[in-house]
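The values are calculated or read from the model by the stated rules, or taken from the named source; none is laboratory data. In this text, all values refer to a predicted model and were calculated from it rather than measured experimentally. All Cβ positions, glycine included, derive from the backbone under ideal geometry; neighbour counts span all protein chains shown. The accessibility values were calculated without ligands, DNA or RNA, using every heavy atom of the protein model including side chains. Shrake-Rupley method; radii C 1.70, N 1.55, O 1.52, S 1.80 Å.
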Amino acid sequence: MVKCSLIRALMVVAGLVGIAAFTTPANARVEININKGNIQPLPIAVTDFLQGDMGAQVSQVIAADLQRSGLFAPINKSAFIEKIANPDAAPRFEDWKVINAQALVTGRVTQEADGRLRAEFRLWDTFAGQQMTGQQFYTQPENWRRVAHIIADAIYKQITGEEGYFDTRVVFVSESGTKQQRKRQLAIMDQDGFNIRMLTDGSDLVLTPRFSPSRQEVTYMSFANQQPRVYLLQLETGQREVVGNFPGMTFSPRFSPDGQKVIMSLQQEGNSNIYTMDLRSRTTTRLTSTAAIDTSPSYSPDGARVSFESDRGGKPQIYVMNADGSGQTRISFGDGSYSTPVWSPRGDLIAFTKQAGGKFSIGVMKPDGSGERILTTGFHNEGPTWAPNGRVLMFFRQAAGSGGPQLYSIDLTGYNEQLVKTPTYGSDPAWSPLLE
């Protein structure tokens with residue numbers, strides 16, 4: 001379990017001077033333009049933090065986070081000329097400019113008398129010859145990976161001007177065993193695939209887990225006791241409870257942005273409609289009423305609108321409605337069928353799964369249906385989920401002839417697709433908000 005007692009000492013270390021961005025045009029702040037093609041990654045040098053093996057491990061995680069974002073290109077350490085002996089002193093900037101390191105990260109990791117770990121870093125603009133920022137953090141030694149993710153987030157934000165997404169977790173369905181006897185467990189991991197922990201024992205089928213935006217809580221569907229129900233699971237305590245006792249099948253649960261409601265589909269008499277449940281009063285409100293299958297609802301980040309999937313027009317398409325169920329409007333009109341719409345945390349895009357020509361694609365469109373872009377296509381891609389900064393998606397893919405699905409991430413350029421390695425097969429990922 002990730003301990004929430006991590007202390008962020010957000011005071012800047014004495015004597016550290018911060019600047020908002022690179023100061024010369026050649027080293028301007030990295031800008032993420034989602035309408036641009038391939039973004040040129042920024043060359044950055046991440047040195048081994050002093051002291052010892054722990055420092056090297058922390059810097060390795062930082063470099064890996066930055067590289068996976070697609071916006072940074074960590075330089076191979078074998079090219080380094082200067083060996084940093086004192087991270088408090090200014091580096092020899094000429095040694096870093098000659099290897100084209102536009103930014104430099106130095107730091108140290110030490111253990112305090114009370115046993116806590118102290119990690120500090122400095123971010124330098126090598127061409128301007130100035131320090132950009134520096135911070136220090138305290139935590140228990142077992143949380144060292146999380147400290148590394150927090151530092152990577154700080155670097156990402158300083159250079160891009162946007163929030164990072166590295167100090168997050170992903171809940172997903174871990175799949176093991178043969179296809180005939182597949183065991184599916186709810187699992188949770190860091191966004192980079194480490195620190196995996198099982199949340200259920202695999203005795204019941206679990207599907208579509210989703211994170212609460214405001215609490216360490218997930219909602220998911222389970223077939224416990226042969227009854228399909230939506231559950232709430234408290235991650236810190238392991239307490240589980242049923243969300244209502246409906247006569248039909250409930251599925252595709254998702255939280256409202258304030259975490260006070262769950263929106264879901266309820267199947268009755270061959271069709272399904274969308275309902276919300278207030279988690280405090282347990283009262284339900286019906287939002288759609290059609291002789292079709294309405295499912296996969298997702299709130300806009302302001303809670304004012306809902307996207308959902310419906311086959312009321314003959315095949316699955318994406319619709320948008322107001323949060324009270326009014327103004328239901330179809331927004332997808334391309335070839336094929338559309339499913340699993342998920343509203344971006346930024347509010348500017350809706351991600352989806354598209355099936356056409358015998359293949360499955362992950363794409364995005366604007367909330368009015370314009371600007372559709374396909375990010376990746378394969379034999380079977382499905383289930384996109386957004387990083388909390390709205391710049392990266394995770395989804396699951398099953399290749400033709402493979403034994404099971406695997407998790408992948410891709411950014412909005414469509415060029416930075418990466419496998420997220422897990423010890424078992426994985427499906428139905430759901431990204432957490434930034435941890436507190």
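Using the Karplus curve 6.51 cos²θ - 1.76 cosθ + 1.60 with θ = phi - 60°, what ³J(HN,Hα) values do you get for each residue of region 399-406, in whole Hz, with x for Gly and Pro?
Ordered by residue, 3J(HN,Hα) equals 7, 4, x, 7, x, x, x, 10 Hz.
Are any of the pairs 97/421; 77/97; 366/421 more than 24 Å apart by Cα-Cα distance, and if so, which?
Exceeds cut-off: 97/421; 366/421.
Please report the orientation-averaged projected area of the chain, defined via the convex hull of its C-alpha atoms, in nm².
Working: hull surface 90.5 nm².
Its Cα hull, projected and averaged over all orientations, spans 22.6 nm².
By accessible area of protein heavy atoms, probe 1.4 Å, what ranking do 84, 263 get, highest first?
84, 263
Just the accessible area for residue 326, please: 1.4 Å probe, Å², rounded to the nearest 10?
It works out to around 50 Å².
Dipole of region 246-299, Cα-centred, from +1 at each Lys and Arg C-beta and -1 at each Asp and Glu C-beta, to the nearest 20 debye?
Numbers: 5 positive and 4 negative charges, 33 e Å.
Around 160 debye, computed over region 246-299.
Does anything in region 328-350 have its amide N under 19 Å from the 7 Å Cα→Cβ label point of residue 290, and if so which residues?
328-343, 350
Which shape class applies to region 154-253: rounded if a/c is under 1.5, otherwise prolate when a/b exceeds b/c and oblate if not, where a ≥ b ≥ c are the square roots of the Cα gyration tensor eigenvalues?
In terms of gyration-tensor shape, prolate.
Given the protein chains as shown and a 1.4 Å probe, how many square angstrom of residue 200 are accessible, to the nearest 10?
30 Å²
At R0 = 25 Å, how high is the FRET efficiency between residue 56 and residue 86 if r is their beta carbon distance? Nearest 0.05 is fine.
0.90
Kindly provide the Kirkwood hydrodynamic radius of region 217-323 in Å, to one decimal, from all pairs of distinct alpha carbon atoms.
For region 217-323, inverting the mean 1/r across all distinct Cα pairs yields 14.2 Å.
About its Cα centre, how strong a charge dipole does region 80-123 have in debye, to the nearest 20, once Lys and Arg get +1 and Asp and Glu get -1 at the Cβ? Each step should come with its number before you reach the end.
On the way: 7 positive and 7 negative charges, 15 e Å.
The calculation lands at about 80 debye.
Which FRET efficiency, nearest 0.05, do residue 240 and residue 370 yield, Cβ-Cβ r, R0 41 Å?
E between residue 240 and residue 370, to the nearest 0.05, is 0.50.
Calculate the spin-label point distance for residue 283 paired with residue 118, positioning each point 7 Å from the Cα along the beta-carbon direction, and give it in nanometres.
Spacing of the two 7 Å Cα→Cβ label points: 5.5 nm.
Using the heavy atoms of the protein chains alone and a 1.4 angstrom probe, what is the accessible area of region 271-366 per residue in square angstrom?
Result: 39 Å² of accessible area for each residue.
Quote the relative contact order of region 372-436 in percent (integer), defining contacts as alpha-carbon pairs under 8 Å separated by 6+ residues.
Relative contact order of region 372-436: 32 percent.
Give the residue from 334, 303, 322 lying farthest towards the positive end of the charge dipole for region 291-378; charges sit on Cβ (+1 for Lys and Arg, -1 for Asp and Glu) and the dipole is referred to the Cα centre.
So the residue furthest toward the plus end is 334.
Classify region 103-168 from the C-alpha gyration tensor, please: rounded if a/c falls under 1.5, else prolate or oblate depending on whether a/b exceeds b/c.
oblate
Can you list residues from other chains, or at least 5 along the same chain, whose modelled amide H is less than 5 Å from the amide H of residue 300?
Hits under the 5 Å cutoff: 305, 306, 307.
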